[in-house]
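Peer 1: Just passing along the structure, written as structure tokens.
No lab work stands behind these numbers, since they all come straight from the coordinates. Computed from a prediction, not measured in an experiment: that's the story for all the values here. In this analysis, Cβ positions are derived from the backbone assuming ideal geometry, glycine residues included, and neighbour counts consider all displayed protein chains.
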Amino acid sequence: MNKKIFIKVNTIFKALHNWEGCDIPEVMFLKYPHHHEFEISVKMYISHDDRDIEFICYQRWLDNFLEVSFPEHNLGSRSCEMLAKMIADASIKEFGDRDITVEFSEDGHYSGGVEYAK
């Protein structure tokens, strides 16, 4: 049996974003900056059940990463999927190559993400 052990960390980041390239008539308003409460969920695989990455340490790192990356709380024209990839790539760089899933949600209603599996 193949056992995989993981931690899951959730955080919230309030910010603006927009979709510059929107060409869908019924949602043209998405071209302009609008506010969301982004909910970010990261599921990261760890090497043992005594945790090589502590929940609290990872959440502090993630919250700091978001603040440093977006000090004005404006995500620009990045999609949820782009932002999830950005977090996954930075997490792997910081914590080592491992399976990771990042989901980036707009107000808890819509989400996109990325999953890396070795």
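Peer 1: Just need a number here: residues in the range 1-26 that are aliphatic (A, V, I, L, M), in a loop (DSSP other than H, G, I, E, B) and surrounded by 14 or more Cβ atoms within 10 Å (Cβ to Cβ).
Peer 2: Of the residues in that region, 0 qualify.
Peer 1: Shifting gears a bit: Restricting to the range 27-40, count the residues that are out of contact with any Asp or Glu (no Cβ under 6 Å at 6 or more places or on another chain) and not in a helix (DSSP H, G or I).
Peer 2: 7
Peer 1: Show the residue pairs that are 6+ apart or on different chains and have beta-carbon atoms under 8 Å apart, the first residue being within the range 71-93 and more than 20 Å from CYS22 (Cα to Cα), the second being surrounded by fewer than 16 Cβ atoms within 10 Å (Cβ to Cβ) and of a type outside the set (Phe, Trp, Tyr).
Peer 2: HIS73/LYS14; HIS73/LEU16; MET86/SER69
Peer 1: Sticking with this one: If you take the residues in the range 43-69 that are of a type in the set (Val, Ile, Thr) and in contact (Cβ under 8 Å) with a residue 12 or more places away in the chain, which one is farthest from ASP99 (Cα to Cα)? Steps first, please.
Peer 2: Taking the range 43-69 and keeping what is of a type in the set (Val, Ile, Thr), we get 46, 53, 56, 68.
Right, trim to in contact (Cβ under 8 Å) with a residue 12 or more places away in the chain and you get 46, 53.
On the way: ILE46: 8, ILE53: 13 Å.
If we take residues in the range 43-69 being of a type in the set (Val, Ile, Thr) and in contact (Cβ under 8 Å) with a residue 12 or more places away in the chain, then ILE53 is farthest from ASP99 (Cα to Cα).
Peer 1: While we're on this one: Only residues that are over 14 Å from LEU66 (Cβ atoms) and in contact with a Gly (Cβ under 8 Å, 6 or more places away or on another chain): list them for the range 85-104, please.
Peer 2: Those that are over 14 Å from LEU66 (Cβ atoms) and in contact with a Gly (Cβ under 8 Å, 6 or more places away or on another chain): THR101, GLU103.
Peer 1: Let me ask another. Answer yes if at least one residue in the range 81-96 is outside any helix (DSSP H, G or I) and touching a strand residue (DSSP E or B) at 6+ places or on another chain (Cβ under 9 Å), and no otherwise.
Peer 2: Taking every residue of the range 81-96 in turn, none turns out to be outside any helix (DSSP H, G or I) and touching a strand residue (DSSP E or B) at 6+ places or on another chain (Cβ under 9 Å).
Peer 1: Return the residues of the range 69-78 that are surrounded by fewer than 16 Cβ atoms within 10 Å (Cβ to Cβ) and either touching a strand residue (DSSP E or B) at 6+ places or on another chain (Cβ under 6 Å) or not in a loop (DSSP other than H, G, I, E, B) (or both); say none if nothing qualifies.
Peer 2: Scanning the range 69-78 gives SER69, HIS73, ASN74.
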